[in-house]
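Input: a single structure, listed below in structure tokens.
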Amino acid sequence: MGGRFSVAIFGMALLCASQASAGSSGNGSGEGSSPGTVARPHYSYCFGGRPKTVYFSSVIVSAPTIGRPGLNGPYGKYLTQKFGAASNDGGQCITSDTMADAANGKKQREASFVTTTWKIIETQWSGDAGR
């Protein structure tokens, strides 16, 4: 019986410790505010290219994860495979917390390239090719 009692106390201690480390102040103000602790979807767009031509992906919705999706490498690989090594400067992806932020960020980034007379090519890459 002493063994079961010890296990029960140990289990209760673990439960209390996990609740104490949750970081809530009791009024709900701290819930969910710690970045990277809750799996959630991410909204990203990727771009890359060489002087005077830049390739953009569509806005990508990633499955819920705790960390940001690792799209830079796969997008760079996609650019090289689809458009040749000369088309790829490595590619980079920008991730936002909302679809609206990602879409607006993409529009602003594209506009900045257009004003410098760069050619924009929409790739329609959806995050899965080249992975």
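Just a few scattered comments:
- Near pairs, Cβ below 9 angstrom, 6+ apart or cross-chain, from the range 40-53 (free of Cβ contacts under 8 Å to residues at least 40 places away in the same chain) to any residue that is part of a strand (DSSP E or B) and surrounded by 20 or more Cβ atoms within 10 Å (Cβ to Cβ): none
- The condition of being within 27 Å of A39 (Cα to Cα), at pLDDT below 90 and surrounded by 12 or more Cβ atoms within 10 Å (Cβ to Cβ) holds for only one of S58, S87, S96, S62, that being S62.
Residues checked against (1) over 17 Å from V54 (Cβ atoms); (2) free of Cβ contacts under 8 Å to residues at least 40 places away in the same chain:
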site: P74; (1), (2): yes, no
site: Y78; (1), (2): no, no
site: A100; (1), (2): yes, yes
site: S112; (1), (2): no, yes
site: W118; (1), (2): no, no
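- Conditions (1) at pLDDT below 90; (2) touching a Phe, Trp or Tyr at 6+ places or on another chain (Cβ under 9 Å): number failed by Y78: (1)
- Selection count where residues are of a type in the set (K, R) and touching a Lys or Arg at 6+ places or on another chain (Cβ under 9 Å), scope the range 87-123: 1
- Condition check for G105: touching a residue at least 24 places away in the same chain (Cβ under 8 Å), in contact with a Cys (Cβ under 9 Å, 6 or more places away or on another chain) and not basic (K, R): no
The values are calculated or read from the model by the stated rules, or taken from the named source; none is laboratory data. Every value quoted in this text rests on a predicted model; they were computed, and no experiment measured them. Note that we place each Cβ from the backbone using ideal geometry, even for glycine, and neighbour counts take in every protein chain shown.
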